[in-house]
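Each reported figure results from applying straightforward, stated rules to the coordinates on display, with no laboratory input. Computed from a prediction, not measured in an experiment: that's the story for all the values here. Note that we place each Cβ from the backbone using ideal geometry, even for glycine, and neighbour counts take in every protein chain shown.
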Amino acid sequence: MTQAINSTQALYRCLPAMDSLLLIPQVISFIEQQGKPWIKSLLAQMLKDARQQIAKSQSLPSWCLDSSQIAEELACRIVSAQRQSMTPVINLTGTILHTNLGRSQMCEAAINAVTQVMRSPVPLEFDMGQGKRGHRDSAISALIHELTGADSCCIVNNNAAAVLLMLAAISAGKEVIVSRGELVEIGGAFRIPDIMAQAGCKLVEVGCTNRTHLKDYAAAINDNTAAIMKVHTSNYHISGFTKVTEELELAALCKEQGIALISDLGSGALTDLSRFGLSKEPMPQQMLSDGVNLVSFSGDKLLGGPQAGLVVGDAELIAKLQAHPLKRALRCDKMTLAALEATLMQYRNPQALHSLLPIFRKLSRPLAELKALSLQLRASCSIQQTQFDITIKPCQTQVGSGSQPDVLLDSVALCFSSKVNSQLSVLQLDKFFKAVNLPIIGRITANQLWLDLRGTDNDAQLIEALTTSLIDFEQAHINTLATSASVEVTL
Ligand SMILES: *Cc1c(COP(=O)(O)O)cnc(C)c1O
């Protein structure tokens with residue numbers, strides 16, 4: 001016992017002192033490149049890890065032995081700390097608009113626009129000679145007017161913020177009527193009743209889960225009613241004995257009663273999606289022409305732009321939103337606005353959207369192309385590895401982000417399953433694919449790793465990433481086998 005303590009003490013004494021670490025020539029040069037505070041904190045962490053190792057396993061980390069190994073360990077830690085966490089991945093999960101993977105990919109025009117405004121000052125709220133000082137949403141307002149006919153618009157960080165602002169600005173302290181069939185939870189704690197409470201308005205529920213009639217809404221209106229709100233049930237579908245009161249009827253009622261009709265559309269497709277094989281999604285322009293006063297929708301769902309929330313509609317109501325203190329808290333920066341403006345401009349030519357916007361490029365890609373790609377991939381992968389069987393299977397892609405929950409698009413997957421005599425599982429393969437430089441994210445079902453090819457937007461990049469990952473996996477696997485073999489020999 002005493003001996004063990006003594007030897008542990010001896011190990012602690014082997015650890016170099018910070019002062020001596022700072023005198024190692026390579027460390028000095030790291031300090032020159034990176035600054036002293038950060039390098040010193042990395043060294044302190046190395047010493048802390050070493051002390052923990054001594055306490056836990058009575059051993060020294062191997063880097064303690066000499067100054068060149070100390071410098072090498074430090075170099076590794078510098079490289080790993082400098083690796084950015086937000087780097088590209090290939091989304092082959094079978095969900096195109098994957099919220100956890102950042103939803104929409106931007107079109108090239110948006111990427112260029114953002115890069116430019118990042119590098120230089122821009123007239124975000126600056127009078128360039130057209131008269132009054134513009135607000136930061138003016139440029140988009142003009143485009144939105146062109147595309148949807150809306151008088152005006154207000155842009156905030158996401159659609160959840162848009163709904164909050166819309167309610168706070170036009171109905172705080174008052175009642176808002178919503179159908180019981182539309183009390184939606186979007187996920188991530190966005191529930192219509194909670195948002196109502198946060199906005200300071202009183203939710204008045206009418207109708208039933210499956211049926212709400214015009215007369216239900218009419219009976220709930222009183223002197224304290226500010227608005228009727230419609231919520232698009234974007235992530236679920238009620239079928240069977242149902243009745244939804246349409247915007248057109250509600251608009252007439254609201255007009256007569258002098259209250260507002262507002263709508264949370266969710267996805268907000270600006271073009272008819274049936275041309276991409278999707279079902280028809282209610283469009284903001286249709287809502288406005290039906291007489292809805294304000295419509296809100298996301299920028300990064302079926303619009304294919306940056307994360308943003310757009311409220312479009314009557315100028316008078318939009319002015320209230322623009323003047324509300326929450327707008328200042330929820331407003332977008334120049335990068336988002338530049339990306340949104342560039343994305344919206346693509347909608348001037350709906351025929352070209354399937355080639356210009358990545359979301360539509362993916363959704364409309366012909367099955368035959370995906371089949372050809374799968375054959376190419378299987379051919380180039382099969383040579384690289386010995387552990388997995390690769391098969392090509394039909395699969396179905398979902399749009400995602402609560403958009404079009406009923407729609408599944410035919411697609412093709414590359415499926416990996418362990419060969420009969422393989423010691424390696426698809427779980428290991430999946431883990432490896434997620435750890436490489438350009439991670440490939442698939443989905444594991446029934447002991448198979450599925451890579452849904454509709455998710456790729458760059459075939460050459462995918463072929464390269466998959467083949468090199470498989471080579472590296474084999475290599476790592478050979479090393480593992482070699483190590484376990486040598487351990488066996490030693491034992
Ligand atoms: C997605 C969605 C939201 C939330 O939009 P975000 O842009 O994710 O904040 C709100 N309402 C509906 C109906 C939605 O579908």
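Seen against the Cα atoms of the chain and their longest principal axis, helix 159-171 is set at about 40 degrees. Multiplying the residue separation of I444 and E125 by 0.36 nm and removing their Cα-Cα distance gives an extension gain of 110.0 nm.
Electrostatic tally near L408: other residues with Cβ closer than 13 Å to its Cβ, Lys and Arg +1, Asp and Glu -1, net -2.
For n ≥ 4 DSSP H runs only, could you compute -39500 (n - 2.57) per run for the chain, divide by its residues and tell me the 222 nm figure to the nearest 500? Counting only the DSSP helices, I get -14500 deg cm²/dmol. 3J(HN,Hα) along the range 236-247: 8, 9, 9, 10, x, 7, 10, 8, 10, 7, 6, 4 Hz, from the Karplus curve 6.51 cos²θ - 1.76 cosθ + 1.60 with θ = phi - 60°, whole Hz, x for Gly and Pro. To the nearest 10 degrees, how steep is helix 25-34 against the longest Cα principal axis of the chain, on a 0 to 90 scale? Tilt relative to the chain: about 10 degrees. If I take R0 = 35 Å and measure r between the Cβ atoms of Q33 and F190 in this structure, what FRET efficiency does the formula 1/(1 + (r/R0)^6) give, to the nearest 0.05? That pair, Q33 with F190, gives E of 0.20. Spacing of the modelled spin labels on D410 and K202, each 7 Å from Cα toward Cβ, amounts to 5.5 nm. Ordered by the number of other Cβ atoms lying within 10 Å of each residue's own Cβ, fewest first, D430, D137 fall into the sequence D430, D137. Footprinting exposure proxy ranking of W450, W38, fewest other C-beta atoms within 10 angstrom first, gives W38, W450.
Using all Cα-Cα distances in the range 69-135, what percent lands in each 5 angstrom bin from 0 up to the longest? Spelled out bin by bin, the range 69-135 gives 3, 11, 11, 11, 12, 12, 11, 11, 8, 4, 2, 2, 1, 0 percent. Nearest 10 degrees, 0 to 90: what angle lies between the long axis of helix 2-14 and the longest principal axis of the chain (Cα atoms)? With rounding to tens, the tilt is 70 degrees. Here the calculated FRET efficiency for N421 and K280, from their Cβ-Cβ distance with R0 = 60 Å, stands at 0.70, rounded to the nearest 0.05. Pairwise Cα distances in the range 118-248 exceed 22 Å in 51 percent of cases.
From the mean inverse distance of alpha carbon pairs (Kirkwood) and the Cα radius of gyration, derive Rg over Rh for the chain. List each step's numbers first, then the result.
Working: Rg = 29.1 Å, Rh = 26.8 Å.
Result: Rg/Rh = 1.09.
Cross-link reach is defined here as a Cα-Cα straight distance under 27 Å, omitting same-chain residues fewer than 8 places apart; for K56 the lysines meeting it are K40, K48. Of the GluC sites (Glu not before Pro) found in the range 62-131, the ones in coil according to DSSP and having at most 16 other Cβ atoms within 10 Å of their Cβ are E125.
Only aspartates and glutamates eight or more places from K280 in sequence, or on another chain, were considered; those with a Cα closer than 14 Å are D272, D406. Take the convex hull of the alpha carbons in the range 108-354; its mean projected area over all directions comes to 13.9 nm².
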